[in-house]
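Enquirer: First the structure, which I've put down as structure tokens, then a few questions once you've had a look.
The values are calculated or read from the model by the stated rules, or taken from the named source; none is laboratory data. Here the structure is a predicted model, which means the values were calculated and not measured. So basically every Cβ, Gly included, is an ideal-geometry build from the backbone, and we count neighbours across all protein chains shown. We work out accessible area using only protein heavy atoms, side chains counted, and drop any ligands, DNA or RNA first. Shrake-Rupley method; radii C 1.70, N 1.55, O 1.52, S 1.80 Å.
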Amino acid sequence: MWFERGDLKIHLGVDGKFRPAQKAHPALLVEGLAELIATLKAAGYPVREEPIAGFRRAYTEDPFGNRIELMERQTKPPQ
């Protein structure tokens, strides 16, 4: 299945012998990460924040156990 919005394109496939990835994972550059984290937590998804230089970063899992990284560029230091 393809998901497209403007320049964003995400392709998802199915594998009959699927096993969730523990290390390999997609990373998505987002805007409004704080709001997204709140939405994920409210829906019961795990969220672990691990900032890196210049980015606010968080990890979550999809309903199948796949790790997903979410990153937002920081324009000013967190308070």
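Enquirer: One residue is enough: does region 11-26 have a residue meeting the conditions surrounded by 10 or more Cβ atoms within 10 Å (Cβ to Cβ) and outside any loop (DSSP other than H, G, I, E, B)?
Expert: No; the residues of region 11-26 include none that is surrounded by 10 or more Cβ atoms within 10 Å (Cβ to Cβ) and outside any loop (DSSP other than H, G, I, E, B).
Enquirer: Confirm whether L70 is in a helix (DSSP H, G or I), open to solvent by less than 70 Å² (accessible area, probe 1.4 Å) and at pLDDT 85 or above.
Expert: Numbers: in a helix (DSSP H, G or I): no; open to solvent by less than 70 Å² (accessible area, probe 1.4 Å): yes; at pLDDT 85 or above: yes.
Against the criterion (in a helix (DSSP H, G or I), open to solvent by less than 70 Å² (accessible area, probe 1.4 Å) and at pLDDT 85 or above), L70 does not qualify.
Enquirer: Could you please tell me which pairs satisfy a Cβ distance under 6 Å, a separation of 6+ or placement on different chains, a first residue in region 38-55 that is open to solvent by 90 Å² or more (accessible area, probe 1.4 Å), and a second residue that is not β-branched (V, I, T)?
Expert: R48/Y59; P51/R57
Enquirer: Moving to a separate point now. Give just the number: which of (1) outside any strand (DSSP E or B); (2) modelled with pLDDT of 95 or more; (3) hydrophobic (A, V, I, L, M, F, W, C) does F64 not satisfy?
Expert: The number of the failed condition is (2).
Enquirer: Select, from K9, K41, K23, K17, the only residue that is of a type in the set (K, R) and at pLDDT 90 or above. Before the answer, list the steps.
Expert: Values: K9 fails: at pLDDT 90 or above; K23 fails: at pLDDT 90 or above; K17 fails: at pLDDT 90 or above.
Being of a type in the set (K, R) and at pLDDT 90 or above holds for just one of K9, K41, K23, K17, which is K41.
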